[in-house]
Amino acid sequence: MAKRPVIIDCDPGQDDAINLLLAMASPDDLDILGITTVAGNVPLSLTERNTRQMCDIGGRTDLLVFAGCDRPMQRELLTAENVHGSTGIDGVDIVEPETPLADGHAVDFIIDSLLSATQAIALVPTGPLTNIGTAIQRNPAILDRVAEIVLMGGAMREGGNHSPSAEFNILADPHAADIVFRCGRPITVFGLDVTHQVLATVERRERIRSIANPAGQATAGMLDFFNRHDTAKYQSLGAPLHDPCTVAYLLQPDLFELKACNLTVETGSELTMGHTAVDFWRVTDRPHNIRWAHAVDADGFYDLLVQRLERFSDE
Ligand code: RIB
Ligand code: CA
């Protein structure tokens with residue numbers, strides 16, 4: 001597969017962090033033009049710092065990391081320390097990163113990169129869609145250079161994880177999400193219906209713990225912490241590894257089963273704010289604007305994650 005230019009937009013968050021390591025472990029597949037950060041799981045000052053610490057762990061202190069929007073387009077900031085801990089990446093020791101924070105706002109980087117791109121760029125958002133929605137609203141001309149958007153967010157059969165009917169990323173900024181889902185570019189969506197099929201079970205976490213390098217050890221430590229909330233809530237065998245579904249799809253798309261359908265976001269009702277109405281059975285004539293991931297080879301997913309994490313050197 002030819003090396004693809006990508007911009008990853010994230011809110012680390014343990015699962016975002018692991019997704020970043022998976023991307024950094026795949027330099028023959030992905031050309032990470034930059035990593036943009038957004039307020040989400042924890043405030044922006046922490047998501048940008050956590051991202052830079054992952055670049056250190058991944059041996060990529062050269063990567064451009066930008067701070068973006070520190071609150072949603074219209075709503076108040078919503079965070080999830082109850083899931084991710086006060087740092088956002090509880091499970092690893094927090095150290096001041098070597099990787100510097102790049103000058104400039106993430107939204108400007110997204111716009112400038114797309115407008116100057118000679119090859120269309122894949123956008124990989126795994127947090128609230130504030131940066132992406134703001135960039136599209138500010139300069140819609142960028143869309144011509146967006147190859148595709150591969151995002152984690154939404155839910156259909158799984159209901160909500162931060163409200164009874166909404167998944168966190170979409171609920172946190174439903175107005176930005178609405179802009180993205182109406183943008184007309186190819187969008188592949190990894191919602192809770194598929195991410196709840198890739199559970200970090202004990203066996204899988206022990207496989208990762210046996211990887212004797214900083215990336216493997218950081219991943220194991222973050223999963224140990226990340227596991228506690230969802231296993232207690234769902235009485236499940238492990239926490240769903242949401243965000244790494246996006247990069248895993250870019251690396252090995254045949255791990256997933258997708259279906260073209262319509263997804264529309266609720267932005268009016270406070271009761272169901274951020275709900276993603278996924279017309280999986282095509283009961284309306286709404287146009288197909290996404291491909292919805294609904295099945296995954298979970299063992300193959302973890303084989304890929306382990307195989308890539310093992311690539312990192314052990315110093
Ligand atoms: O609902 C799960 C999503 O919300 C994941 O992206 C997680 O990191 C949080 O951002
Ligand atoms: Ca996230």
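Read the figures in this text as sums done on the coordinates, not as results from a lab. What you see is a predicted model, and the numbers here were worked out from it, not measured in a lab. Cβ atoms come from the backbone with ideal geometry, glycine included; neighbour counts cover every protein chain shown.
Entry for the stretch 43-128 at q = 0.13, 0.14, 0.15 Å⁻¹: log10 I(q)/I(0) = -0.50, -0.58, -0.67, Debye formula applied to identical alpha-carbon scatterers, no solvent contribution. Between the listed residues Thr61, Ile121, Leu309, the Cα displaced farthest toward the positive end of the dipole of the chain, a dipole computed from Cβ unit charges relative to the Cα centre, is found at Ile121. Judged by the mean number of other Cβ atoms found within 10 Å, the most tightly packed of the peptides 82-93, 164-175, 213-224 leads the ranking 164-175, 213-224, 82-93. Which one of Gly238, Gly184, Gly133 has the biggest mean-square fluctuation once the chain is modelled by GNM with Cα springs under 10 Å? Residue with maximal mean-square fluctuation among Gly238, Gly184, Gly133: Gly184. Say R0 is 25 Å: what FRET efficiency, to the nearest 0.05, do Leu115 and His288 get from their beta-carbon distance? With a Förster radius of 25 Å, E is 0.35. Here the ratio of the Cα radius of gyration of the chain to 2.2 N^0.38 Å is 0.90. Each other residue within a Cβ distance under 13 Å of Ile7 adds +1 if Lys or Arg and -1 if Asp or Glu, for a net charge of -3. Measuring r between the beta carbons of Asp31 and Asp70 and using R0 = 41 Å, the FRET efficiency lands at 0.90. Have a look at Tyr249, Tyr234, Tyr302 and tell me which one the Gaussian network model of the chain (Cα, springs below 10 Å) gives the largest fluctuation. Result for the chain, Cα springs under 10 Å: Tyr234 fluctuates most. Out of the DSSP beta bridges found with both residues in the chain, what percent are antiparallel (nearest 5)? Percent antiparallel among DSSP bridges in the chain is about 35. Counting pairwise Cα distances across the stretch 7-56, what percent come out greater than 15 angstrom? Here the long-distance tail beyond 15 Å is 35 percent of all Cα pairs in the stretch 7-56.
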